[in-house]
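The structure appears right after this line, and notes come after that.
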Amino acid sequence: MSADVVLRGVRPMAAGAPVDVLARDGVIARVAPGIVPPPGVIVIDGRGGILLPALVDAHMHLDKTFWGRPWRPHEAGPTTRERIENERRLRRELALPADVQAERLARQAVSRGTLHIRSHVDVDTEVGLRGFEGVMTARGRLRDTVSIQVVAFPQSGVVSRPGTAELLEQAVKDGAELIGGVDPSGIDGDAAGQLDVVFGIAGRHGAGVDIHLHDGGEEGAEQIRMIAERTRALGLAGKVAVSHAFCLGMVDESRLAALLDLLREQRIAIMTTAPGDRPSPPVRRLREAGVTVGAGSDGVRDAWTPFGNADMLERAMLVAYRNGYRTDPLLHDALDIATRANARVLGLEGYGLEVGCRADLVVVPGETLGEIVAMRPPRALVVSGGRVVARDGQCVV
């Protein structure tokens, strides 16, 4: 569902004097000063705000969140395995409906200007496809407001949990766009085995791949090489991402350079959450090497973390802060990650502020791009396909 609207007096990417933007049939039809609105078109005063394309979250877990529920003290242990076990226990005890929780968090993201999400959704022999089905239900309800890509995510492992591979394949048949994986060595103890299953399903169904890789140092680096090898063999260049990839911030320069060559050659994206407690991929180094770097909220107020608010301007600030970005051009780079780079990770078409692009737009009060990354002001206006879906930081659909 779309609408016709004129945004009056906005500054695309904070450049130049204010202009008007005409959206018709959900698409940007004209960008110019002093547009005379056609009959019946809604006119909205942009108040000189900065116009951005929709923010994009390239890594979220919609099915896990406690958003909208009473506050829970955080209790997970320090290791990945302890966090997985703690989450599994809480999932059994709380039995939260995934569709309700996913919709709550997606609406929060919309209020902050995010209109495109990639969500990893747990699939294992305990939860089965219930979480996946819940997120798919929420996706259907919100299809006119926000786009949601789904990754079937085997958080508890693949080869070490018989039956999981079949569930992953069924999720792809039922609409998941990507197959996930998690620490093929650290969780499954069989990197080749897990990757063969994951890439095998992707190859059979034309799905993308997005692997959680927490394994560090040389162990993680070797798994990136294995991922690149399978990407090449199956012709999946441009359809694979490695999330977290802490190992890229831990290896020496010669090893890093070799990995960057593989990532660039196979157009494998690296997704970061700018963690404060783990080594972070060197974002500037990756981007200078031609590797696409995305970012995402990861877990938002769930069993893994008490933090998060689904705000990709805040995530851009964290990427900048974690990587020592202080100049305005580098702050612009952090914003680019939360917008255009993430759009490339998701393979979005018709994304941007040019005529012919989908009218997914965000108006933010401020003077410069550097300022809005540093200050993260409330979003004055969020427009999805030409239709207003949020005002002054509140979702209105």
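The values are calculated or read from the model by the stated rules, or taken from the named source; none is laboratory data. Note that the structure is a prediction, hence the values are computed from the model and not measured. Cβ placement follows ideal geometry from the backbone for every residue including glycine, while neighbour counts extend to all protein chains displayed. Each accessible area value is taken on the protein alone, full model and side chains, heavy atoms only, with ligands, DNA and RNA left out. Shrake-Rupley method; radii C 1.70, N 1.55, O 1.52, S 1.80 Å.
Summary table
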read-out	value
Among the candidates Val209, Val159, residue that is without any contact (Cβ under 8 Å) to a residue 40 or more places away in the chain, over 25 Å from Gln101 (Cβ atoms) and touching a Phe, Trp or Tyr at 6+ places or on another chain (Cβ under 8 Å)	Val209
Region 343-382, residues that are touching a helix residue (DSSP H, G or I) at 6+ places or on another chain (Cβ under 8 Å) and more than 14 Å from Ile50 (Cβ to Cβ)	Tyr351, Gly352
Residue identified as touching a helix residue (DSSP H, G or I) at 6+ places or on another chain (Cβ under 6 Å) and acidic (Asp, Glu) among Asp196, Asp183, Asp188, Asp210	Asp188
All positions within region 104-156 that are of a type in the set (S, T, N, Q), more than 16 Å from the chain's Cα centre (by Cα) and open to solvent by 30 Å² or more (accessible area, probe 1.4 Å)	Thr125, Thr137
Meets criteria (at positive phi, of a type outside the set (Asp, Glu) and in contact with a Ser or Thr (Cβ under 8 Å, 6 or more places away or on another chain)) for Ala245	yes
Residue within region 369-385 that is in contact with a Lys or Arg (Cβ under 8 Å, 6 or more places away or on another chain), open to solvent by less than 20 Å² (accessible area, probe 1.4 Å) and more than 27 Å from Asp45 (Cβ to Cβ) present	no
Members of region 240-263 that are under 14 Å from Glu288 (Cα atoms) and not aliphatic (A, V, I, L, M)	Asp261
Pairs with Cβ under 7 Å, 6+ apart, first in region 269-287 and under 13 Å from Met250 (Cβ atoms), second open to solvent by 50 Å² or more (accessible area, probe 1.4 Å)	Pro279/Met250; Ser280/Arg322
Complete set of residues in region 1-54 that are of a type in the set (Asp, Glu), exposed (fewer than 15 other Cβ atoms within 10 Å of the Cβ) and in a strand (DSSP E or B)	Asp45
Answer from Leu234, Leu259 - the residue that is more than 22 Å from the chain's Cα centre (by Cα), open to solvent by less than 10 Å² (accessible area, probe 1.4 Å) and not small (Gly, Ala, Ser)	Leu259
Some residue of region 179-192 being in contact (Cβ under 8 Å) with a residue 40 or more places away in the chain and more than 23 Å from Arg83 (Cβ to Cβ)	no
Residue among Pro162, Pro154 that alone is in contact with a helix residue (DSSP H, G or I) (Cβ under 8 Å, 6 or more places away or on another chain) and closer than 25 Å to Arg89 by Cβ	Pro154
Any chance Arg267 is closer than 24 Å to Ala343 by Cα, open to solvent by 10 Å² or more (accessible area, probe 1.4 Å) and charged (D, E, K, R)	yes
Flag for Ala338 being surrounded by 24 or more Cβ atoms within 10 Å (Cβ to Cβ), in a loop (DSSP other than H, G, I, E, B) and either in contact (Cβ under 8 Å) with a residue 24 or more places away in the chain or of a type outside the set (Phe, Trp, Tyr) (or both)	no
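Per-residue answers, yes or no, for (1) open to solvent by 10 Å² or more (accessible area, probe 1.4 Å); (2) under 23 Å from Gly347 (Cα atoms):
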residue	(1), (2)
Ala171	no, yes
Asp174	yes, yes
Glu177	yes, yes
Pro184	no, no
Asp188	yes, no
Ala191	yes, no
Gln194	no, no
Ala202	no, yes
Ala207	no, yes
